[in-house]
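The values are calculated or read from the model by the stated rules, or taken from the named source; none is laboratory data. The structure presented is a predicted model; accordingly, all values stated were derived computationally and were not measured. Cβ atoms come from the backbone with ideal geometry, glycine included; neighbour counts cover every protein chain shown.
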Amino acid sequence: MNQPVPLRDFVAYFLRLGTVGFGGPIALIGYMQRDLVEERKWVSPEDYKEGLALAQLAPGPLAAQLAIYLGWVRGGVAGATLVGVAFVLPSFLMVMALSAAYLRFGGIAWMQGAFYGIGAAVIGIIARSAWKLAKGTMGKAKLLWALFAASALATAITETEIVWLFFASGVLGAVAARPPTPKQAAMVVPWPLLFTGLHGPADGSVLWKIGWYFTEAGAFVFGSGLAIVPFLHAGVVNEFGWLTERQFLDAVAVAMITPGPVVITVAFIGYLAAGPIGGCVAALATFLPCYLFVVGPAPYFRKYAKNVVIKGFVDGVTAAASGAIAGAAFVLGRRAIVDVPTALIALAALGAMTFLKRAPEPVLIAIAGVAGLLLTQA
């Protein structure tokens, strides 16, 4: 049962999470479970699981979709809209400021040093969140743990989240919840500066390309925010040539060292391609589809979620989603933990999250960033 809470307090929580919530989609959904389900009890475990399942089944950024769904549960369309804006806006503003600095000063080499430490600390935070999420979701259900393991292994090996695996896991969960009868089984533009990026003022055709391309990214890429990176690389670097390889890596780094959803990297890319207006167009085009994909189906999804078959399907999808999160943590860890110092930073962050009550993630991230800068400058 959800504890009654004013909508302004609910929105304020997501504004804070969007401001200080480091670690990308895996960590962010873990924070939501810990803060809203376990500690404050503003969201019931059932609503959280339903939101996570819907976010996994719909294309778009995982953490933002889960936040929008929880906002819808609390306050309908108005709640979904306010929560979505509050969650995305802080990181959007930070990325726009970093984009302007990037153009002004020609690169962000210092960020690479900071990310050396931050990336390792984030892995420790993610590992702790992924384990708590798995325990809270699956309990002692052997089938769900099997689906979790299969999804984790597939994600770790392929380095991508396989959407058909979520559907298959949902079907298995539904069948386990209520096995079908034999009969059922047989049925089957104002100022030039606002448009100016790396290559000078952009014309209307570039803005249309940005709008259409990032709408595709938001509407057809499934999984967490990291799943969008290969799709963006193919278009941004190879097809359109808006960014070089180095600049694209900088864009991903900006997204990882700022709080909020990782997908906010699209604002950085749009800014470099076509100035502040380009950043706004890219962000709006990416997040609008995911908002619609959540708010549209939400009433029907919630209405039928208590049905035992639908509940079994949701449990199966949630198990696969949790496994994919664990697998993604392995993939990220392999890239972020590259030597002894990064391994020690990751272990220190994991230990702090495990043994220190209410260890503040922003403080851990800041310490890790400073450590990374010192180690890379030494």
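Before moving on, here are some points about what is shown:
- Answer residue from region 40-84, given it is surrounded by 24 or more Cβ atoms within 10 Å (Cβ to Cβ) and polar (S, T, N, Q) and is modelled with the highest pLDDT among those: GLN65
- Selection status of GLY333, of a type outside the set (D, E, K, R), farther than 16 Å from LEU52 by Cβ and at pLDDT below 75: yes
- PHE287 vs. criteria farther than 23 Å from ALA152 by Cα, modelled with pLDDT of 85 or more, part of a helix (DSSP H, G or I) and touching a helix residue (DSSP H, G or I) at 6+ places or on another chain (Cβ under 7 Å): yes
- Which listed residue, of LYS209, LYS140, LYS132, is of a type outside the set (A, V, I, L, M, F, W, C), modelled with pLDDT of 65 or more and outside any helix (DSSP H, G or I): LYS140
- Test result for VAL37, surrounded by fewer than 16 Cβ atoms within 10 Å (Cβ to Cβ), among the β-branched types (Val, Ile, Thr) and part of a helix (DSSP H, G or I): no
- Filter result (among the hydroxyl-bearing types (Ser, Thr, Tyr) and modelled with pLDDT under 80) within region 218-255: SER224
- Here SER91 clears all of (1) crowded, with 24+ Cβ neighbours inside 10 Å; (2) closer than 27 Å to LEU165 by Cβ; (3) of a type in the set (Ser, Thr, Tyr) except the condition numbered (2).
- Looking across region 85-102 at every residue that is β-branched (Val, Ile, Thr) and within 14 Å of TYR291 (Cβ to Cβ), the one that is modelled with the highest pLDDT is identified as VAL85.
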